[in-house]
Structures are given as C-alpha cells and as structure tokens.
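The numbers here are math on the coordinates, done by the rules we state, and not lab data. Since this is a predicted model, take the numbers as computed values, not measurements. Here the Cβ positions follow ideal geometry from the backbone for every residue, glycine too, while neighbour counts run over all protein chains shown.
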Amino acid sequence: MTGFSTHGMRTLLLVLTLLLSACASPSRQQVQTVGSHWQGRLAVKVFSTPVQAFSADFDLQGSPDAGELTLISPLGTTLARMRWTPSTATLNAQGQDRQFGSIQELARQVTGADLPVTSLFAWLEGRDEAADGWQVDLQDLAQGRIQARHVEAVQADLKIILDR
C-alpha cells in the first residue's frame, strides 16, 4: 500500500477494533436511515508491505447514500462508528470525530483499500454488481458468506459472514 503511514496503520487498527466491539454505553445514538440492516463478522486483508489484516464484528444499517457502520471487538467494545449522508462521512474512533467528503473516501482512509461501498450493499442483497477491480463470489450467500477480492493495484481480500 503506497504511502500508508504508521499513523494510518494505527488508525486502521483502531477503526477495526472499534468496528469489532459494541458501544459500551447503554444509550446509543442511532442514525435514522432508510435501507437494510446486517450484522455479522468481516475480515479485510490488504496485501501491502507489510501485509495488513483485521477482523471485527459489524452492525451495518442504511444504504450507500446514508447509513451507519459500527465495528465491534470480540470483547464487545466499539472500535469505530462510521456514519454517512450524501454530503459527508464521519468516523468516530477513540472518542474523536474525523470528517470525510464521502463514505468511499472514509473507507479508503481506514482500510488502505478502495472498498466498493456501493457494490457491497448490492452484494449483501444478493446482486452480483460489478465493482472496478473487484471480483465477488456470492455462491455461499445462502449460508451467509460473501468473499471479494481486489485484483488491481493494491490487492485486498474481503470476507463477510452474516449472522443468521
């Protein structure tokens, strides 16, 4: 991954940790979204030098236009929360908010890979939507599994296991 700094790696690990855990506080502000809701586990591996990998439980609601993704640690701690609308995207991690111009920009900054956010929603709905540089395998979706691989520039693997 070209130009991915130590700070970027720390941010990625923090976001992944936040994504793996649930919010520790009993009151949780929800984003009002129109769309679907998925929960499960995700893993991302970026074949950079050095290779970077993370996995977390997730709670995703909304659509490519507006939604919220929470990453939760195996211990139930919220690692990160991402919220987006058509005009902005916010990452909340370690009690701090960072603003981005889009969910795509936020995802790229966090993972170091150009994750196909719009296509991801289609894949979760069972539609084999094309995404530049990505190959998706939906053959095990009935069992709650999705696999995708980025095959251009920085290679990456994305695996999702949905709760049933």
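What the table shows:
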quantity	calculated
Modelled FRET efficiency - R0 22 Å, Q135 with R108, Cβ distances, 0.05 increments	0.70
Sorted by Cβ density within 10 Å, fewest first, the residues L138, L158	L138, L158
GluC sites (Glu not before Pro) restricted to DSSP loop in the stretch 98-164 with at most 16 other C-beta within 10 Å	E125, E129, E152
Most to least packed among 108-114, 49-55 [average Cβ atoms within 10 Å]	108-114, 49-55
Ascending count of other beta-carbon atoms within 10 Å, so fewest first, for S48, S87	S87, S48
Rg and Dmax of the stretch 83-128, Cα atoms only, in Å	11.8, 37
Residues of the stretch 107-138 with amide N under 18 Å of a point placed 7 Å along Cα→Cβ from D65	117-123, 125
Kirkwood Rh and Cα Rg combined as Rg/Rh, the stretch 27-164	0.93
